[in-house]
Amino acid sequence: MMLSRKLTPYLYLAPMLALLTFVFGFSILRVFEFSFKMVRGIDGPWIGLRNYRLVLSQPLFWESVKHNLILLLAIPAMVAIALLLSLLLYDRLRGWKIYRTILFFPYILAIPIIAVVMKQMFQFSGPVNEVLRWLSLDFMALDWIGSTDVALWTVMMLIIWRESALGVILFLSRLLSLDESMVEAARLDGANWWQRAWHVLIPQMRGVIEFYVVISVITMLSSVFAYVYMMGGGRGGPGTSTMITELYIYNALTRTSLPGIASAVSVMLFVVSLALIYLLFVIRRRDHGDGA
Amino acid sequence: MKASHSFKQAVLILACIVALLPSMFMILTALKSQEEYTFNKVGLPGAPVGEHFQAILFDSPFFLWMLNSAILAFGAVVLGTLVSCTGAYAIARMEFRGRDTIFAISTSLMAVPPVVMIVPLFVLYTQLGLISTFSGAIVIYAGLITPFSVYLLTTFFRTLPQELFDAAVIDGCNHNQILCHVVLPLSVPALLTLVVVNALFVWNDLLVAVIFLQEDGKRTLMAGISVFQGRYNNQIPLSMAGMVVASAPMVILYITFQRYFIRGLMAGAIK
Amino acid sequence: MESVWFGYLKPLNGLLSEDTLRASNPTVLSNFGGNTYRAGWYPLPMVWCYNKDLFDKAGLDADAPPKTWAELLEACDKLKTVGIEPLGGGMQDGYWAEWYMSHAFVQTLDTVGEAVELFIGDKDFNDPRYYEHWVRLEELRTLGFLNKDMPSLELYPGIDLVVAGKLGMGQSIGSRLPADSKATNGRIGSMVMPVFGKGQLAGKPIVDTQGLGIAEGSANPEAAAAFIEYLNTPERLGAFHKATGWLPSSSRFDAELIEDASVKSMWKAWGQSPNITNVTNLMPGQFYEQAAIPTGQQVVQGTLTGEQAGELAARVAQEWRDFNPDLVEKYQEWVVDLSK
């Protein structure tokens, strides 16, 4: 009786631990191991830091990292758009619920679907450019998909379009949970809409804004594979202008048979992600102290 | 006051148009014939045709792909949820050594980008012959959704009042019975949210799908779209019809179960 | 060939009859170290296609397409004068860049083995002779002969432009010809890429092939071999043609069964005459992904000059050497096979 008492928790834990150990534990250990080996197929000889040295001296790798960093520029735009729209929705004008349903729609469509549609819309001879030319805005009818200078920004537009929708919902639910008395007081004091937003509402949203920024940063660094894979023709094109870290790993694994290299990059990405999550943890802990 | 009202409405309406524009393009283009699209890219279809939808609905792998995605989502959610329920119950309501450490480690696993796992798992699966098997992929997906599920359920279970448990123990229930008859029935909202988040994650995933399910017959919807787009990139209205059909399940679910959807997506982002 | 070096394929020499194997036209790409690892299945003639109606419109002889580079530039000029986009296709998915190398790069070489030496860094892409083909591509761009939406369009929609009469010339694949010929009533022509290069391989038609091999781990290789033998009987070859509209690779196939005149004449000039293979099949994956595709894309785009493309190729070849030291020797062995 006593024995089974002691064992019970572990029995309940066992399936979870087994699954996590296999999917995460095994993988993380193995990816570190592989990063120090010249892996061909299944295994290979130990080569120490060679993979890291090769990758860190390869221009293509740094280009991939640079592109991930450029995507971070999407975040101010996402925050601004999400703030503006959520504040407007918060006014709860007539029909606001319908607006909310529609504004969240971009996040409902899966990335591959929306990327295929956007890719067609932004073809050099496609509908968007046709409209721009018709409006005599020819200088704006860029080669959105085909130009190495523009392609990454096109991907960024798609990311902003989709991820802002998430921001709208996060910010709106925070707003709806706020105490309205302060806003009322400000309005009675004669503050206009913008002043109410800037001085009363936004300060109270600091926590959720910070949270949104941090998860967006993590997304830009490690979860944009689908966007780039679909828009860039599967190879980070045109040229290498949309190559990002995840695609670099994918290519190293599947197209150039270099699991060791892929592992080295995976390890570096892992370490950076952990550092960012730690940052998020610190921020949230600080905010919980503030009563967010 | 009225003027600023109209201005605000105008901004919102503009935002809504931008939000819906790609979908409108998608639907309108799917109704145009191949010839019409070459000269009429922007306007309404002059002579709407149903042939593309017909081709997609009756003659394409889309439904097979959706079935595969559904199988994966179902399998992963069932496995992941089962494993997480028992694990979270233990962490939330039992005392044992290492409890907090295990919870901390499990929760921090939420931070690991899935791409980090694919190299070693791909190599292992190749060795074991598990590439392009449903069971292999389901295990991976279940693993990926477990940290978040355990976190959510644990925090939820912890909020349940102690009295419930005390009463059940007095009644002579063992853990199993408590879990099944007391805790789970009360957890339905949290479980539903969890199911939505996790199912969406698996359904929408591309990276794991293209690597671990390479066989034609096992392709998921997302992987299938990437293949389909390449094969039919010169038949744009047909591609758009495919996209409409592919997005239909989620759109229908969204409109029907808006509340759960939104709650689920937000919870997913918090991952 | 890396599949062979990693031990995934069985040699076919013992399993298939010598006669069947040779007749199937596996091409030199299927051989290594004295063994053949593939039987030819169906051919992929690589052609430059052109629209005969557009040629007529521009005052060009539709049955005598340009053969030299100078003739090509002249033809482009004539097409441009009557308002037709002369040349190009779709570059977004990158394959056009690969095909360009198949046609143009090979013109600067004397043997196919030379290509491999360049890919693995034993010879240098910085030598003007070896990046000349990118310089020529740059020339086409600066003269305004390439279609404007080339960077954002994909390969097959690009070929469709030629078929639809919107583009004068493009790169295509022979297996498209039956459908394209039918759609235009035989007005799609096939030509070898006009010659600028001074290598011995210049001006020769290119035929790639898809093949069938037997896995090393196969449970019953004899059955697999018997099946391949069966597929190579004249009846099955004819049935293949009937079912797919395309040609099988084996010379046992009766070419008289081909109905379309354009396809027949194309096959006569490509498959039934001396031809060379597709050199882009010889490059390591890393070179393909990081040099072959991006160079073409960026030259067409205007972000790289021909010379810079050569620099990029040379650099990637070196990187491949650093990343894959265990494969260098294998490729060097292969060069010997390919230079025979």
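Read-outs throughout are calculated quantities, based only on the coordinates presented, and are distinct from any laboratory measurement. Source: prediction; values computed, not measured. Neighbour counts are summed over all protein chains in view; Cβ atoms, including those assigned to glycine, are modelled from backbone coordinates with ideal geometry.
I need the fraction of alpha carbon pairs in the range C:268-340 separated by more than 21 Å, rounded to a whole percent. When all Cα pairs of the range C:268-340 are counted, 42 percent exceed 21 Å. Computing FRET efficiency as 1/(1 + (r/R0)^6) for C:Ala219 and B:Glu215, where r is the C-beta to C-beta distance and R0 is 30 Å, gives about 0.95.
Roughly what % of Cα-Cα distances in chain C sit above 35 Å, to the whole percent? Counting every Cα pair in chain C, those more than 35 Å apart make up 24 percent.
Each Lys or Arg adds one and each Asp or Glu takes one away; over the other residues whose Cβ falls under 12 Å from the Cβ of B:Thr133, this sums to 0. For n ≥ 4 DSSP H runs only, could you compute -39500 (n - 2.57) per run for chain A, divide by its residues and tell me the 222 nm figure to the nearest 500? Rounded to the nearest 500, it is -21500 deg cm²/dmol. Each principal axis of the Cα cloud of chain A was taken in turn, and the coordinate range along them, longest first, works out to 73, 73, 31 Å. Between A:Phe281 and C:Glu256, the FRET efficiency from the beta-carbon distance, with R0 = 56 Å, is close to 0.15. Counting only other chain Cβ atoms within 10 Å of each residue's Cβ, the peptide C:86-94 averages 4. Label-to-label distance, A:Arg94 versus A:Tyr10, with points set 7 angstrom from Cα along the beta-carbon direction: 6.8 nm. Database remark: amide H of C:Leu9 closer than 5 angstrom to the amide H of C:Glu216 (H placed geometrically; neighbours at sequence offset of 5 or more, or on other chains; Pro and chain starts carry no H). Computed log10 I(q)/I(0) for the range B:61-231 at 0.19 Å⁻¹: -1.16, from the Debye equation with unit scatterers placed on every C-alpha and solvent omitted. When you restrict to C-alpha pairs under 8 Å that are six or more residues apart and normalise by the size of the range B:61-231, the relative contact order lands at 43 percent. Scanning residues 5 or more positions from C:Asp208 or on other chains, those with amide H under 5 Å from its amide H are C:Leu44, C:Met46, with H placed 1.01 Å from N in the peptide plane.
Using the Kirkwood radius built from alpha carbon pairs, what does the Stokes-Einstein equation give as D for the range A:72-243 at 4 °C and 1.567 mPa s, in µm² per second? Result for D is 72 µm²/s. Each other residue within a Cβ distance under 15 Å of C:Val4 adds +1 if Lys or Arg and -1 if Asp or Glu, for a net charge of -2.
Taking θ as phi - 60° and the Karplus parameters 6.51, -1.76 and 1.60, the scalar couplings of the range A:64-70 work out to 4, 4, 4, 5, 4, 5, 4 Hz in sequence order, x denoting glycine and proline.
Listed here are the pairs B:Lys32/C:Lys166; C:Lys57/C:Lys80; C:Lys242/C:Lys264; C:Lys57/C:Lys78; C:Lys52/C:Lys182; which of them are more than 19 Å apart at the Cα? As for pairs spanning more than 19 Å Cα to Cα, those are B:Lys32/C:Lys166.
Neighbours of C:Gln92 by Cβ distance under 9 Å: Lys/Arg scored +1, Asp/Glu scored -1, total -1.
Looking at chain C, the DSSP beta bridges with both ends there are about 75 percent antiparallel. The order of the peptides C:143-150, B:34-41, C:114-121 by mean Cβ neighbours within 10 Å, most packed first, is C:114-121, C:143-150, B:34-41.
Using the beta-carbon distance between C:Val336 and C:Gln210 and R0 = 30 Å, what value does 1/(1 + (r/R0)^6) give for FRET efficiency, to the nearest 0.05? Efficiency, from the Cβ-Cβ distance: 0.75. Using alpha carbons only, how many degrees (0 to 90, rounded to 10) separate the axis of helix B:221-231 from the longest principal axis of chain B? Orientation of helix B:221-231: about 30 degrees from the principal axis. Extents of the range C:122-263, largest first, come to 56, 47, 30 Å (Cα atoms, principal axes, whole angstrom). Between amide H atoms placed 1.01 Å from N, distances below 5 Å from C:Met169 occur with C:Leu87, C:Gly88, all of them 5 or more places distant or on a separate chain.
Summary value for the range A:72-243: 33 percent relative contact order, contacts being C-alpha pairs under 8 angstrom separated by 6+ residues.
Residues A:Met243, B:Met243, arranged from fewest to most other Cβ atoms within 10 angstrom of their Cβ, appear as A:Met243, B:Met243. In the frame of its principal axes, the range A:178-279 has Cα extents of 68, 31, 16 Å, reported largest first.
The label point for C:Asp63 and the one for A:Trp134, both projected 7 Å from the Cα toward the Cβ, are 4.6 nm apart.
Per-residue ellipticity at 222 nm from helix content only, as computed over chain B with -39500 (n - 2.57) for each DSSP H run of at least four residues, stands at -24500 deg cm²/dmol. For the protein assembly as shown, the Cβ-based charge dipole about the Cα centre amounts to some 2520 debye (Lys, Arg positive; Asp, Glu negative; other atoms uncharged).
Annotation: average projected area of the protein assembly as shown is 42.4 square nanometres, based on the convex hull of Cα atoms across all directions. The fewest-to-most ranking of C:Thr303, B:Thr146, C:Thr280, A:Thr148 by surrounding Cβ atoms within 10 Å reads C:Thr303, A:Thr148, C:Thr280, B:Thr146. Of B:Leu213, A:Leu7, the sequence from fewest to most neighbouring Cβ atoms within 10 angstrom is A:Leu7, B:Leu213.
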